[in-house]
Structure formats: structure tokens, C-alpha cells
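Take a look at the structure below.
Only the coordinates and a few stated rules stand behind these numbers; no lab work does. Here the structure is a predicted model, which means the values were calculated and not measured. Glycine gets a Cβ as well: all are built from the backbone with ideal geometry, and neighbour counts include every protein chain shown.
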Amino acid sequence: MNSSSFKHLPWIAIGTIGLATLAVVATERGEPVNALWVVVASVSTYLIAYRYYSLFIANRVMRLDPDRPTPAVRRNDGLDYVPTNRYVLFGHHFAAIAGAGPLVGPVLAAQMGYLPGMLWILAGVVLAGAVQDFMVLFVSMRRDGRSLGELVRAELGVVPGVIALFGTFMIMVIILAVLALIVVKALAESPWGTFTVAATIPIAIFMGVYMRYVRPGAIGEVSVIGFVLLMLAILGGQWVAADPAWAHAFTFTGTQLCWLLIGYGFIASILPVWLLLAPRDYLSTFLKIGTILGLAIGIVFVAPQLEMPAVTKFIDGTGPVWSGSLFPFLFITIACGAVSGFHSLISSGTTPKLIATETDARFIGYGGMLMESFVAIMALVAASVIHPGVYFTMNSPAAIVGTTPETAAAAVTQMGFPVTAEEIAQTAQDVGETTIISRVGGAPTLAVGMAHIFAAALGGKAMMAFWYHFAILFEALFILTAVDAGTRAGRFMLQDLLGVFVPAMKKTESWASNIIATGLCVAAWGYFLYQGVTDPLGGVNTLWPLFGISNQMLAAVALILCTVVIFRMKRQQYAWVTIVPTIWLVACTLTAGLQKIFHTDPRIGFLAHAQRFQAAVAEGRVLAPARDMAQMHQVIVNDYVDAALAGVFVFVVVAIIFFGIRSCLEAYRSQSWTAREIGGPAVQAAAQ
Amino acid sequence: MNAAAGRVSSFLACLCDSARLMVGVPRYEDYVAHMARTHPEQAPMTYPEFVSNRQAARFGGVKGGGLRCC
């Protein structure tokens with residue numbers, strides 16, 4: 001054995017440990033598995049994938065060149081383009097890609113047991129998600145950090161470019177609606193949570209004013225002050241919840257919260273950024289990173305047992321949390337954490353403009369996504385450490401489990417997950433809430449799981465209610481920042497799009513144009529939010545699959561772009577690196593999209609659901625959730641809108657596949673390199 | 001001892017740089033150095049101006065970033 005073989009020995013050891021732990025996790029039946037097995041299996045997988053597969057992609061597929069100047073070097077302006085230390089940039093990139101997606105998806109997927117979700121997260125990230133992030137980062141880095149829409153237009157053509165832009169806007173709308181829905185579901189009928197989250201608005205405004213007039217530029221100082229105020233707001237929430245008059249003032253129904261959020265989104269996105277958005281961004285970003293680190297330390301330190309079975313009977317698609325069989329819906333439910341198309345927007349955003357050396361892209365692109373995947377694994381662990389009976393009590397729609405501990409205990413025990421009414425009432429009391437029944441949307445479940453882990457590490461049961469509301473605050477805070485920033489970004493997108501037809505709309509300094517575009521954007525996501533909030537099946541059932549489909553659709557678009565670039569670089573013998581995940585994602589999105597439209601089960605197919613309501617209307621009957629004929633018609637309209645939206649997503653995928661294959665063939669037939677890179681060897685030669 | 005202290009302080013500086021970049025503010029020192037190198041005739045923005053410039057850029061448009069994942 002020569003010395004070059006020796007360097008593989010530690011990696012063989014890591015691989016062996018990974019396989020052994022994975023075997024334990026996968027085959028253990030009956031006995032609860034410790035979460036550490038899951039952590040070790042995941043980390044080993046990441047290390048091996050990073051060491052070998054990402055290096056293969058960097059050297060063989062992309063041929064990263066450390067001597068080739070990056071956009072940050074060529075266009076250095078100290079502002080947008082700055083060569084940045086790779087560790088510093090890693091933090092920036094990770095903070096931008098990590099959000100609610102990797103936290104919520106795995107929690108919802110836990111209804112099938114932890115094993116299917118875990119295997120998909122690991123396989124998905126290694127072969128699809130991290131590849132996508134890394135490849136898009138590479139493609140954008142070689143083109144001056146251009147955005148995904150511009151890249152598709154340049155490499156595939158103008159028409160696919162417009163289709164991709166339109167698809168991106170629709171994704172924004174669905175993401176904002178589903179994120180807002182999660183907040184509504186977490187805060188409905190919870191005065192403690194509502195007070196704490198509402199308090200973040202004056203806190204952020206105070207920070208904004210402080211930074212504007214008292215201590216300009218003091219980001220660290222103002223963030224520390226804000227953090228202290230946030231913790232006080234959590235304690236204040238407890239006091240509010242205990243006082244009957246104040247508790248009443250901060251108790252809202254889902255519908256009321258829905259309107260409050262729509263109003264908030266509208267106002268927040270037209271206020272100056274320094275006043276509300278930027279300071280809220282500091283709080284949410286730092287709290288997010290801190291909590292994720294805390295959760296990782298907590299899981300290792302507490303080493304909790306996984307109470308959820310490895311696989312539940314709901315892999316047949318009859319689960320109460322969301323409907324549809326394992327294929328394709330598991331792969332739609334867990335998007336972020338395995339593969340997330342939204343990352344392609346981040347990887348073609350600010351990050352490529354800050355890379356100092358081409359070879360850093362591997363650590364930032366591939367490595368950053370592995371880290372996000374680990375967040376998803378932690379969320380899966382957090383959802384699996386709670387008692388399965390409590391999990392299903394929290395995540396089943398009220399239409400199935402009713403609203404009292406007795407009905408819920410009976411319904412969930414009937415499902416095969418024994419739980420008593422006392423356990424349900426006790427859990428609600430432990431976390432300082434009046435009820436935990438049917439708190440769908442993932443966030444409350446994750447908060448209970450996190451409170452479980454944090455309380456075991458720090459403070460015990462007495463601190464459980466604090467940690468629960470801390471976790472709710474943590475999620476709500478960055479979701480609200482995303483709603484705010486997303487509405488603003490959507491408004492600019494819309495002004496750009498509408499400006500083509502009405503030039504006056506393009507004026508971003510015109511109040512009329514701003515208010516119209518913001519109103520349209522808020523109305524678009526508000527429509528889906530309202531529909532979700534009033535849905536008796538909890539809304540997650542409708543909106544989360546639509547979100548998953550749109551997100552995986554964007555991932556497929558990004559991977560098709562990367563495939564075209566590989567062909568244009570005349571590296572087509574390695575095109576399988578992006579073609580294999582593309583085929584998988586296309587299979588998932590098309591199957592799921594078509595099933596959401598045409599499936600004969602009204603719980604899955606929108607058209608079947610509409611037909612059931614139409615039949616009832618014809619007989620003059622009113623079906624829940626509708627209370628009168630007007631609402632019956634509204635449900636039917638919603639179903640057709642949802643079906644049309646799923647149809648749009650299917651169309652976008654099919655169209656981009658067509659244009660992608662066309663471009664690949666064109667590049668294949670060409671004798672030479674056809675990729676449209678900027679700043680390649682030709683530029684360097686000319687400069688000399 | 002000094003070497004260890006130096007490593008700790010450079011690690012902390014790196015941490016602070018990363019925290020600032022997470023909210024869209026790159027290294028001010030790099031900006032000042034760049035201005036001195038390429039535009040010595042112009043006065044660079046002060047640090048507070050630099051922060052609000054970056055803040056406006058982060059949320060100021062389609063390409064302004066501020067986008068974050070779901």
C-alpha cells in the first residue's frame with residue numbers, strides 16, 4: 001500500500017461508522033433508538049459525500065481553477081463584489097439558505113416515521129440538493145454573479161427565461177402564504193405566543209430608531225439590546241397569559257390573525273427598511289443561528305430517545321397530517337433539507353459575488369447545503385422525541401380529532417397511537433398553553449420537541465413553557481422577516497413585470513405604483529393564506545404540497561440549467577451528475593402535480609374535491625367547512641384555483657425540460673465550447 | 001501565549017465579520033482599502049453611511065437579496 005492510499009484510511013473508518021450506525025437506525029424495531037445514532041449516521045454521510053463526491057464534481061465536472069479571478073476579484077468595489085474569507089462567507093450563505101423550510105418539512109414527514117424522512121434527507125442532499133446549490137453557485141460565479149432568471153435566459157433562451165421568472169414569482173406567493181399560515185396556526189388562541197411575537201414589532205422599531213439617531217452603525221450593540229428585550233417579551237407573555245383581561249386582549253382566532261398578518265405584511269413592506277425590516281432582520285438572523293447551534297448542542301448533550309416508530313402504518317398515504325402516498329408526497333413534503341429550488345436564487349444572488357477563490361465554492365455551496373440538511377435532521381429528531389400520541393394529537397386536523405382532550409385521545413388511540421386525555425392536558429399545561437389539540441403547521445410540534453430537549457438540558461420541567469414560547473418566537477420571528485422581505489421582493493418583481501405593459505409601474509419611487517404593486521402582492525399570498533386558515537383540514541394539507549411541488553419544480557429548473565451548462569462546456573460525459581437528480585425531481589413534481597389535480601380521492605385531488613362540493617350544491621346540501629351556499633361556491637373556486645396553480649407548475653417543468661433538451665442537443669452538436677462565461681482565459685489574455 | 005491570543009482574537013474578528021455579513025454588511029476595512037487604492041481622490045463613506053448603504057442595497061430591489069429560504 002503506498003502513501004497516497006493511506007490518506008483514504010480515516011475516510012474508510014468514517015464510512016464504516018456511518019454504515020454501521022445507519023444499519024442500527026434502519027433495523028432497530030420495538031426498542032426506542034437514541035437520537036445520537038441518527039446524528040452520527042448523518043454526519044458520517046455528510047463527511048464522506050463532501051470529501052469524495054463534491055471533490056469529484058469540483059475537479060472533474062466543473063474543473064474549478066484557483067488561479068482564475070472570480071467576480072469579487074475582477075469587479076471588487078468594496079460593496080457588492082468583495083473577496084471574502086471562506087468561513088465568513090459560509091456563515092453568510094448558511095444564514096441565507098436556512099429558514100423555516102428545513103424545520104417544518106421533516107416535522108410533517110414524521111407521520112410516516114423517522115426513517116423514510118431521514119433516508120430521503122440524506123440521499124437527497126448528497127445527490128441532489130447540495131449538487132444543485134454548488135452547481136448554480138459555480139454557474140453564477142463564472143457569469144459575474146448573475147441571477148437565476150438571467151442565467152436561464154442566457155443559456156436556454158428568452159422564452160424559458162420568462163417562464164422561469166414567472167415560476168419564481170408564483171413560488172414566492174406560495175412560500176409567503178404557507179409561512180404566514182404556519183405563524184397563524186402557531187399563534188391562534190395563544191395569548192402568550194401572540195403577545196411575544198407582537199412585541200417584536202415595537203422592539204424592532206425601537207432598535208431601528210436607536211440605530212438611526214442614537215448609535216448609527218452599531219449593529220452588535222443594538223442586537224444585544226434587542227435580544228434582552230425579546231427575552232423580557234417572552235416573560236411578559238407569561239404574565240399576559242395569566243391575567244384574564246390581558247389574555248383576552250391577545251387571544252385571536254385564526255381568521256383574525258390572518259387579517260392582522262395581511263395588514264402587517266402590507267404596511268411593513270412599504271415602511272422604510274431601517275425602521276422595521278433591517279432591525280428585525282438582525283434579531284431573526286442571530287436568533288436563528290444561535291438557536292440552531294443550541295439545538296445541535298442540546299441533542300448531543302441530552303441524547304434523547306426517539307419515541308416515534310421508525311416506520312408508521314401511514315406510509316400507505318392514509319395519514320392525518322397530510323394525504324398522499326410515500327411516493328411522491330414524502331419527497332414533496334421534505335423539500336428544504338434534501339433539495340430546495342429556492343436555494344438556486346440564493347446561490348445566484350449575493351454569495352457568488354463574494355467568493356475570493358473559485359475552489360471556495362465547494363465548501364460554501366456543497367458544504368453549506370450539508371449544514372442545512374443537518375438542520376432538517378435535527379428537526380426530524382425534535383419531532384420524533386415527543387410521544388407519538390401527542391404528535392398526532394397536535395398535527396391532526398380538528399375535523400378528525402375534535403377539540404377536547406377526550407375526543408382527541410379517543411381518535412388518536414384509535415389510529416394506533418395510545419394516548420390519554422390526561423397526557424394531552426398535561427402537555428398543554430407544561431408548555432403554558434390552553435390546548436395543544438390540532439395545532440397543525442409543524443411549528444408548535446417542533447417547539448414542543450425543542451422545549452423537551454432544551455428543558456432536559458437547562459431548567460427542567462419548570463422551564464418547559466419558557467422554552468416552548470422561545471421556540472415559537474424563534475420561528476415566528478424569522479418567518480415574519482421572510483414575509484416582510486418577501487413581499488418587498490415580490491413587489492419589485494411585479495413592478496418589473498407590470499412595467500413591460502404599463503411603464504408607469506416601473507417607477508419604484510412613485511407611491512401610487514408602490515402601493516398598487518404591494519397590494520397585488522399581498523392580495524396574492526393573502527388569498528392562499530385565507531383559504532388555508534379557513535380549511536377544516538388545517539390548510540397545511542392543501543398549501544404544503546403546493547409549496548413542495550413549486551420548490552422542487554424550481555430545483556428541477558435549476559438542475560436543467562446546470563445540465564445545459566455542462567453540455568455547453570463539452571463535459572457531457574459527466575452530465576449524469578445533474579441529470580439523475582433532475583429525472584428524480586421531475587418524476588416527483590409531475591406525479592405529485594398531476595395527482596393533486598386529477599386524483600380521485602377528494603383528500604388528494606383538487607378536482608375531485610370540487611366535484612364533491614358541486615354534487616352537494618346540486619342537492620342543496622352544505623358541507624363543512626362551508627356554512628352557507630356562498631361559502632360552498634367559494635370552496636369550489638378555491639379548488640379550481642389550486643388545481644390551476646398545480647397545472648401552472650407542471651407546465652413550467654415541462655416547458656423548461658423541452659427548452660433544456662433543445663439547448664443540450666444544440667451544444668452537443670456544436671464542435672466547440674458554447675457556454676457563455678465571463679472573465680475566462682480570453683479575458684485574462686486580453687488584459688495582459 | 002501571544003500566538004494563542006492572536007489566534008483567539010482573529011477567530012473573534014472572523015466571527016464578527018461573519019455575523020455582520022449575515023445581515024448584509026461586508027468588511028468596512030476592505031471597502032476603505034479599496035477606495036484608497038482605486039479612488040484616492042474621493043472621501044470614502046463613514047461607517048454609519050456604509051451600513052445604511054448596505055442596508056438599502058439588501059432590501060432595495062429584486063436583486064437586492066434579503067431573500068431567504070422558505
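Brief remarks follow.
- Reachable aspartates and glutamates from A:Lys353, criterion Cα separation under 17 angstrom, eight or more residues apart if same chain: A:Asp65, A:Asp67, A:Asp77, A:Asp80, A:Asp133, A:Asp144, A:Glu150, A:Glu677, B:Asp17, B:Asp30
- A:Gln614/A:Leu458 FRET efficiency (R0 45 Å; Cβ-Cβ; nearest 0.05): 0.25
- Taking other Cβ atoms within 10 Å as a rough exposure proxy, A:His609, A:His633, A:His343, A:His452 sort from fewest to most as A:His633, A:His609, A:His452, A:His343.
- Residue by residue along A:207-217, Cβ atoms of other protein chains within 10 Å of the local Cβ number 2 on average.
- Peptide-level mean, for B:11-22, of C-beta atoms on other protein chains within 10 Å: 6
- Backbone N under 19 Å from the A:Leu119 label point (7 Å along Cα→Cβ), restricted to region A:351-377: A:377
- The slack between A:Ala303 and A:Asp628, meaning 0.36 nm per residue of separation minus the straight C-alpha distance, is 111.8 nm.
- Between helix A:511-533 and chain A: long-axis angle, C-alpha atoms, 0 to 90°, nearest 10: 60 degrees
- Chain A: angle of helix A:130-141 to the longest principal axis, Cα-based, in degrees nearest 10: 50 degrees
- Prolate/oblate/rounded label for chain A (Cα gyration tensor, a/c 1.5): rounded
- Integer Hz, Karplus 6.51/-1.76/1.60 couplings in order for region A:60-65, x for Gly and Pro: 8, 7, 8, 6, 4, 10
- Stokes-Einstein D in µm²/s, Kirkwood radius over Cα pairs - region A:1-116 at 37 °C with 0.692 mPa s viscosity: 180 µm²/s
- Between A:Ala20 and A:Ile678, the modelled labels are 5.1 nm apart [label points 7 Å from Cα along Cα→Cβ].
- Under conditions of 10 °C and 1.306 mPa s, region A:592-671 yields 109 µm² s⁻¹ as its translational diffusion coefficient, taking Rh as the Kirkwood radius over Cα pairs in the Stokes-Einstein equation.
- Computed over region A:113-159, the P(r) curve from all C-alpha pair distances, binned at 5 Å from the origin, holds 5, 20, 19, 16, 13, 11, 9, 7, 2 percent per bin.
- The modelled label-to-label distance for the pair A:Asp65/A:His248, using points 7 Å beyond Cα in the direction of Cβ, is 7.4 nm.
- Projecting label points 7 angstrom from Cα along Cα→Cβ for A:Glu666 and A:Thr27 puts them 5.3 nm apart.
- Calculated SAXS-style log₁₀ I(q)/I(0) at q = 0.14, 0.18, 0.27 Å⁻¹ - region A:57-119, Debye, Cα scatterers: -0.70, -0.85, -1.11
- The value of relative contact order for chain A, using C-alpha pairs under 8 Å at least six residues apart, is 23 percent.
- The calculated FRET efficiency for the pair A:Glu406 and B:Ala36, based on their C-beta separation and a Förster distance of 60 Å, comes to about 0.25.
- Calculated on the alpha-carbon coordinates, the convex hull of region A:532-688 measures out at 135 cubic angstrom per residue.
- Separation of region A:114-178 and region A:570-618, taken as the distance between their Cα centroids, equals 18 angstrom.
- Estimated 222 nm signal from helices in chain A, with DSSP H stretches of n ≥ 4 weighted -39500 (n - 2.57), rounded to 500: -22500 deg cm²/dmol
- Computed E for A:Val214/A:Gln256 - FRET, C-beta separation, R0 35 angstrom, nearest 0.05: 0.45
- Directionally averaged projected area (convex hull, Cα atoms, region A:408-481), nm²: 5.2 nm²
- A straight Cα-to-Cα reach below 18 Å connects A:Lys507 with the aspartates and glutamates A:Asp496, residues fewer than 8 places away in its own chain not being considered.
- Summary of packing: across the peptides A:578-589, A:20-31, the per-residue average of other C-beta atoms within 10 Å ranks them, highest first, as A:578-589, A:20-31.
- Alpha-carbon centroids, region A:303-358 and region A:38-72: separation in whole Å: 21 Å
- Global geometry of region A:467-575, whether rounded, prolate or oblate, following the gyration tensor of its Cα atoms and the 1.5 cut on a/c: oblate
- Fully extending the segment from A:Phe56 to A:Leu594 would add 190.1 nm, taking 0.36 nm per residue of separation and subtracting the current Cα-Cα distance.
- Average beta-carbon neighbours from other chains, 10 Å sphere, peptide B:36-47: 1
- When A:Tyr50, A:Tyr468, A:Tyr282 are sorted by how many other C-beta atoms sit within 10 angstrom of their C-beta, beginning with the fewest, the order is A:Tyr50, A:Tyr282, A:Tyr468.
- Long-range HN-HN contacts of A:Val33 with modeled amide H, under 5 Å: A:Leu306
- Evaluating 6.51 cos²θ - 1.76 cosθ + 1.60 at θ = phi - 60° for every residue in region A:451-456, the Karplus couplings come out as 4, 4, 6, 5, 5, 5 Hz, glycine and proline recorded as x.
- Eligible lysines near A:Lys185 by straight Cα distance, threshold 21 Å, same-chain separation 8 or greater: A:Lys288
- Residues A:Ser147, A:Ser670, A:Ser5, A:Ser54 arranged by fewest to most Cβ contacts within 10 Å: A:Ser5, A:Ser670, A:Ser147, A:Ser54
- Over region A:324-451 - Rg/Rh using Cα atoms and the Kirkwood inverse-distance radius: 1.14
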